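What follows is a single structure, written as structure tokens, with notes after it.
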Amino acid sequence: MRIIMHMSNTITKAAIVGASGYAGAELIRIIHAHPYFELGALAAGANAGAKLTDVHPQFSSVAELASKVFVASTPAELAGHDLVFLALPHGQSAELIAQLPTDIQIVDLGADFRLEDDKDWHTYYGGAYAGSWTYGIPEVHGQRAKISGSTRVANPGCYATAIELGLAPLLGANLIETNDIIVVAASGTSGAGRTAKVNLLNSEVAGSMSTYKVGGTHQHTPEIEQMLSHVAGADVQINFTPMLAPMPRGILATLSVKTSQGAPMLRTAMQDYYAGEAFITVLPEGQLPVTASTLGSNAVHIQVAKDDRTNRATVIVAIDNLIKGAAGQAVQNANLICGYDETTGLSAIGVAP
């Protein structure tokens, strides 16, 4: 059940590091409209000194944003802020965070503090292991209270968010097998970040779909298995195949699981688990999730169906990878950290078509 926090009139001054990226832009958009967050420094590495609108022209019509200039990503620029969002490439957050005062509240959108096992970090990322923070996925039972009691939270990955939310209700109720989970999930190209890459050129992506990082090599695999193992109370393994879809944003995840339970029980478990949640909708029976319905929102659309011939169920999940999969969930976590209603500044209504 979603917890409504007491709303303070206190204004929280928030900085964004990595503000020139796609997730950074969405953080700017959401925080600018947030009633209790004041937008402070917008830090960016190579774009330091550039005008915000040179990089993100969508903000040109807002005078106070059009005058903003990116600053360097240094501790000095972040001093005096109550809250810092970091949207940096994996492995770059920990060094900067180590130089910040311990009383600054932080939501890290990178992977630096997601993993509890240093072996997983070295296997999937490499470099120095920074440790683990509270994992920021509020709708998984038990996490909301932990986030509310934390000052530093690790935001989940975009694929991880969709997959964990699709499977947590069934694993928590012990309705599916833990070692026979097959995941195929397609993401829009913004999930790969804003860095120019040949394989992300329009001529390479348009009219085509492709897989990548197959065979259990995708970096979100260990955090998914880690979180779902906590939910199930047993080791969970997934076979994860990510796909690149010819669209700018969105994730559609299909999760195939082994179960002897019928569709009505699976559906009831899903509905009961998410009863009262503002952002998660278990769709009416027969209605399938589509990414367009969640775009621009913090919404999660879920459906579950059962194939009695094979004793397998399929869970389908749609989210916007840049909102619920990144910036929106980061603001949701920040709301909890700061004591605001977690829905503040966020919408569950998409912008389709």
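Things to note:
- Secondary structure note: in the range 258-353, about 75% of the DSSP beta bridges are antiparallel.
- Candidates TYR340, TYR124, TYR212: whichever shows maximal mean-square fluctuation once the chain is modelled as a Gaussian network with Cα springs under 10 Å: TYR212
- Residues in the range 257-275 that a label on ASN239 would reach, taking backbone N under 12 Å of a point 7 Å out along Cα→Cβ: 257-258
- Ordering GLY296, VAL282, TRP121 by Cα displacement along the dipole of the chain toward the positive end leaves GLY296 in first place; charges were set at the Cβ atoms of Lys, Arg (+1) and Asp, Glu (-1).
- Here the Gaussian network model covers the chain, with springs between Cα atoms less than 10 Å apart; of GLY193, GLY172, GLY24, GLY193 fluctuates the most.
- Highest to lowest packing among 234-243, 303-312, 85-94, scored as the average C-beta count within 10 Å: 85-94, 234-243, 303-312
- The translational diffusion coefficient of the range 159-321, from Stokes-Einstein at 4 °C and 1.567 mPa s with a Kirkwood hydrodynamic radius over alpha carbon pairs, comes to 80 µm²/s.
- Of interest is the spacing of the C-alpha centroids, which for the range 250-284 and the range 146-217 amounts to 17 Å.
- Taking amide H as placed 1.01 Å from N in the peptide plane, ILE181 has its amide H under 5 Å from the amide H of ASN239, each at least 5 places away in sequence or on another chain.
- 222 nm mean residue ellipticity, helices alone, for the chain (DSSP H n ≥ 4; -39,500 (n - 2.57); rounded to 500): -7000 deg cm²/dmol
- Between the residues ALA186, SER60, LEU83, the greatest Cα displacement towards the positive end of the dipole of the chain, with unit charges on the Cβ of Lys, Arg, Asp and Glu, is found for SER60.
- For the range 159-321, size of Cβ-based charge dipole, Lys and Arg +1, Asp and Glu -1, in debye: 400
- With both labels modelled 7 Å from their Cα along Cα-to-Cβ, the ALA305 to ALA48 distance reads 5.2 nm.
- The simple Förster model, with R0 at 22 Å and r as the Cβ-Cβ distance, assigns SER208 and VAL351 a FRET efficiency of 0.30.
- Pair-distance profile P(r), taking every C-alpha pair of the chain, with 10 angstrom steps and integer %: 5, 25, 36, 24, 8, 1, 0
- Anisotropy class of the range 6-152 from Cα gyration tensor, a/c 1.5 cut: oblate
- Charge dipole (debye, nearest 20) of the chain; +1 at Cβ of Lys and Arg, -1 at Cβ of Asp and Glu: 560
- Nearest 10 degrees, 0 to 90: helix 22-32 Cα axis against the chain principal axis: 70
- Taking a sphere under 13 Å around the Cβ of THR294 and counting the other residues whose Cβ falls inside, with K and R at +1 and D and E at -1, yields a net charge of +1.
- Nearest 10 degrees, 0 to 90: helix 221-232 Cα axis against the chain principal axis: 60
- Inter-part distance where the range 292-352 and the range 25-102 are each reduced to a Cα centre, Å: 24
- Beta bridges by DSSP in the chain, antiparallel share as percent, to the nearest 5: 45
Here, each number is a calculation from the coordinates, and none is a lab measurement. Keep in mind the model is a prediction, meaning the values are calculated, not measured. Ideal geometry is used to build each Cβ from the backbone, glycine not excepted, and the neighbour counts take in all protein chains shown.
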